[in-house]
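**Student:** What follows is a structure written as structure tokens; I'll ask about it next.
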Amino acid sequence: MPSHHHDHDHHDHDHDNRYSDMQARVKALETLLTEKGLIDPAALDAIVETYETKVGPRNGAHVVAKAWTDPDFAAWLRKDATAAIASLGYTGRQGEHMRAVFNTADTHNVVVCTLCSCYPWSVLGLPPVWYKAPAYRSRAVIDPRGVLEEFGVTLAQDMKIRVWDSTAELRYLVIPERPAGTEGMTAEELAVLVTRDSMIGTGLAKTPEASS
Amino acid sequence: MNGPHDLGGQMGFGPVAPEVNEPVFHANWEKRALGITLSCGAFGAWNIDESRHARENIAPADYLSASYYEIWIRALETLLERHGFATATELSAGHHMVDGREPKRVLTAEMVEGVLSKGSACDRPVAEAPRFSVGDRVRTRNFNPETHTRLPRYARAKTGVVEAVQGSFVFPDDNAHGRGENPQWVYTVVFDGGEIWGEGVDPTLAVSIDAWESYLERV
């Protein structure tokens, strides 16, 4: 057993070293897979460009602003969010089965994935680091009010909180409440008020004063 | 499995640390990790449920200290080896040494836009009508499988109400292990916070999960 124990420690040591420099580890993996003809480095570039420039929270903001200004669209979003969102051109990976959940005067919605990192990529892009990290995933379901405080959001004590744990393949988009004082604003102007966090439920839409 | 990934209700991870004006990526390797992970997923050799299970099987201390892209890379290396695309020696060396399995397809740059904008739907028809209806009271099963499941520990053996019948979807508990897609109805089940967390809970809290039919029993 002593020699086994020694081997085990040695193995763990090697194992840790392998991931201690992720830049080198991922470079080695990319080199290996490219040499084997299994990946196309140009495809990697195209994927990155997609999520840096094309697919991000502006897509979701467009959906929300349209819901605020077009009651028929809002009704469609409640009934068939996947189709309503697709009508604006937002489809695809991690947005195949969309659901829109509407904040109201008495209920605030918060979305989490306690088991992994499920997130509506087609409308919000890639998830932020905190969304995938243990602190948020562990606490959003047991202390959402405390979590919201850490985002600078204080809800009224009697505001009901509904947490949606994304345990299946449905992807949730929170439709925040339209801020007061935005009557007469166009959908384009309103979209600027819709933050990424307001569509996860860890924020509220900005007021016109806060955004100016 | 009761792995390190099943985090709902755990404590001790400190405050959430939102980052103001967070960039999409924090390092170049994260960009490559995203691209490699999606490109290898396009081989068609494994499904998303097997990927998730590979991530859940990372040793707990490693899982909890890794960034999410590191979790992806660790699990991807497991999958590449398991499915014969690379050997452990190759993964350590970072170079091609032996010919491995051929994938069904290699994702090229020209294919990326189409693949990402199409996605991969996982709803599937089932012959049977749903067993439960909106408003039904249901109890989640109490089980502790060593295999993949999407019923989190905090929501086992809890009583809630069916809020929506969401359609029928691939069953991950089978699909992760090569046992077929075996689709089932999926329901949004909502629980009072008190049913899950008991004493001292925020009285305004309700939590829902999306549950496959076999996770549920009628109350």
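The values are calculated or read from the model by the stated rules, or taken from the named source; none is laboratory data. Predicted, not measured: the structure shown is a model, and the values here were computed from it. Cβ: placed from backbone, ideal geometry, glycine included. Neighbour counts: every protein chain shown. For the accessible areas, the whole protein counts, side chains as well, though only heavy atoms, and no ligand, DNA or RNA atoms are used. Shrake-Rupley method; radii C 1.70, N 1.55, O 1.52, S 1.80 Å.
**Student:** Kindly sort A:104, A:167, A:195 by accessible area of their heavy atoms, largest first, with the probe set to 1.4 Å. Kindly include the intermediate steps, with their values, before the conclusion.
**Tutor:** Details: A:104 60, A:167 0, A:195 35 Å².
Greatest to least solvent exposure: A:104, A:195, A:167.
**Student:** Identify, among B:168, B:152, B:186, the residue whose Cα sits farthest towards the positive end of the charge dipole of the stretch B:148-198, taking +1 on the Cβ of Lys and Arg and -1 on the Cβ of Asp and Glu, with the dipole about the Cα centre.
**Tutor:** The one lying farthest along the dipole's positive direction is B:152.
**Student:** Moving on to the next point. Taking the stretch B:117-219, which GluC sites (Glu not before Pro) meet the DSSP loop condition and have no more than 10 other C-beta atoms within 10 Å?
**Tutor:** Values: sites: B:128, B:146, B:163, B:181, B:195, B:199, B:213, B:217; in loops: B:128, B:146, B:181, B:199.
Those that pass, being in a loop and sparsely packed, are B:128, B:146, B:199.
**Student:** Right, here's the next one. Quick one: net charge around residue A:124, please, counting Lys, Arg +1 and Asp, Glu -1 for every other residue with C-beta under 15 Å from its C-beta.
**Tutor:** On the way: positive: A:54, A:58, A:93, A:99, A:132, A:171, A:196; negative: A:52, A:96, A:197, B:22.
Around residue A:124, the surrounding residues sum to +3.
**Student:** Follow-up. Mean residue ellipticity at 222 nm from the helices of the protein assembly as shown, using -39,500 (n - 2.57) per DSSP H segment of n ≥ 4 over the full residue count, to the nearest 500 deg cm²/dmol? Each step should come with its number before you reach the end.
**Tutor:** Details: 21 runs with 172 residues, N = 431.
Calculated at 222 nm, the ellipticity per residue is -11000 deg cm²/dmol.
**Student:** Using only the Cα atoms, what convex hull volume per residue in Å³ does chain A have?
**Tutor:** Details: hull volume 38.2 nm³, N = 212.
Spelled out: Cα convex hull of chain A, divided by residues, is 180 Å³.
**Student:** I'd like to know which of A:123, A:64, A:203 lies farthest towards the positive end of the charge dipole of chain A, counting +1 on Cβ of Lys and Arg and -1 on Cβ of Asp and Glu.
**Tutor:** After comparing all options, I get A:64.
**Student:** With only alpha-carbon pairs counted, each pair once and no self-pairs, how large is the Kirkwood hydrodynamic radius of chain B in angstroms?
**Tutor:** After inverting the pairwise mean of 1/r, the radius is 20.0 Å.
**Student:** To the nearest Å, what is the center-to-center distance of the stretch A:46-68 and the stretch A:110-184, using C-alpha atoms only?
**Tutor:** Between the Cα centres of the stretch A:46-68 and the stretch A:110-184 lies a distance of 17 Å.
**Student:** Excluding residues on the same chain fewer than 8 positions from residue B:158, give the aspartates and glutamates whose Cα lies under 12 Å from its Cα.
**Tutor:** Result set, ordered by chain and number: B:192, B:195, B:217.
**Student:** At a probe of 1.4 Å, how much accessible area disappears from chains A and B on forming the pair, both sides counted, to the nearest 100 Å²? Kindly include the intermediate steps, with their values, before the conclusion.
**Tutor:** Values: alone 12450 and 13380 Å², together 18510 Å².
Interface between A and B: roughly 7300 Å².
**Student:** Multiplying the sequence separation of residue A:83 and residue A:31 by 0.36 nm and subtracting their Cα-Cα distance, what value in nm do you get?
**Tutor:** Numbers: separation 52, 0.36 × 52 = 18.72 nm, distance 4.01 nm.
My answer for the length gained is 14.7 nm.
**Student:** Reachable lysines from residue A:36, Cα under 23 Å, same-chain residues fewer than 8 places away excluded?
**Tutor:** Qualifying lysines at Cα under 23 Å: A:27, B:31, B:104.
**Student:** So which cysteines in the protein assembly as shown don't have a second cysteine's C-beta under 4.7 Å from them?
**Tutor:** Isolated Cys, the protein assembly as shown: A:116, B:40, B:122.
**Student:** Suppose R0 equals 22 Å. What FRET efficiency, 1/(1 + (r/R0)^6) with r the Cβ-Cβ distance, do residue B:139 and residue A:157 give to the nearest 0.05? Walk me through the intermediate numbers first.
**Tutor:** Values: r = 31 Å, r/R0 = 1.40.
Between residue B:139 and residue A:157 the formula returns 0.10.
**Student:** Which one of B:40, B:75, B:57 has its Cα pushed farthest toward the positive end of the charge dipole of the stretch B:28-118, where Lys and Arg give +1 and Asp and Glu give -1 at the Cβ?
**Tutor:** It is B:40, whose Cα lies furthest towards the positive end.
**Student:** Hey, another quick one. Rounded to the nearest percent, how much of the accessible area of the protein assembly as shown (1.4 Å probe, protein heavy atoms only) is carbon and sulfur?
**Tutor:** Working: 9540 of 18510 Å².
Whole-percent figure for carbon plus sulfur exposure: 52.
**Student:** On a 0 to 90 degree scale, rounded to 10, what angle separates helix B:68-82 from the longest Cα axis of chain B?
**Tutor:** It is inclined by approximately 70 degrees.
**Student:** Further question on the same structure: What are the semi-axes of the equivalent ellipsoid of the protein assembly as shown, taken as the square roots of 5 times the eigenvalues of the Cα gyration tensor, listed largest first and rounded to whole Å? Don't skip to the answer; put the middle values down first.
**Tutor:** Details: eigenvalues 246, 136, 98 Å².
Semi-axes from the Cα gyration tensor: 35, 26, 22 Å.
**Student:** Within the stretch B:122-186, report the chymotrypsin sites (Phe, Trp or Tyr not before Pro) that DSSP leaves as loop and that have at most 14 other Cβ atoms within 10 Å. Walk me through the numbers before you get to the answer.
**Tutor:** Values: sites: B:132, B:143, B:154, B:169, B:185; in loops: B:132, B:143.
Sparse-neighbourhood loop chymotrypsin sites (Phe, Trp or Tyr not before Pro): B:143.
**Student:** Could you work out the mean projected area of the convex hull around the alpha carbons of the stretch B:28-118, in square nanometres to one decimal? Walk me through the numbers before you get to the answer.
**Tutor:** Values: hull surface 26.7 nm².
With the hull built on Cα positions only, its mean projection is 6.7 nm².
**Student:** Using the heavy atoms of the protein chains alone and a 1.4 angstrom probe, what is the accessible area of the protein assembly as shown per residue in square angstrom?
**Tutor:** Details: 18510 Å² over 431 residues.
Per-residue value: 43 Å².
**Student:** Mind ranking B:123, B:192, A:165 by accessible surface for me, highest first, 1.4 Å probe? Walk me through the intermediate numbers first.
**Tutor:** Numbers: B:123 75, B:192 110, A:165 0 Å².
The most accessible residue leads, giving B:192, B:123, A:165.
**Student:** Can you give the mean number of other chain Cβ atoms that lie within 10 Å of the Cβ atoms in peptide A:74-81? Mind dumping the intermediate values first?
**Tutor:** Numbers: counts 0, 0, 0, 0, 0, 0, 0, 0.
Partner Cβ neighbours, averaged per residue: 0.
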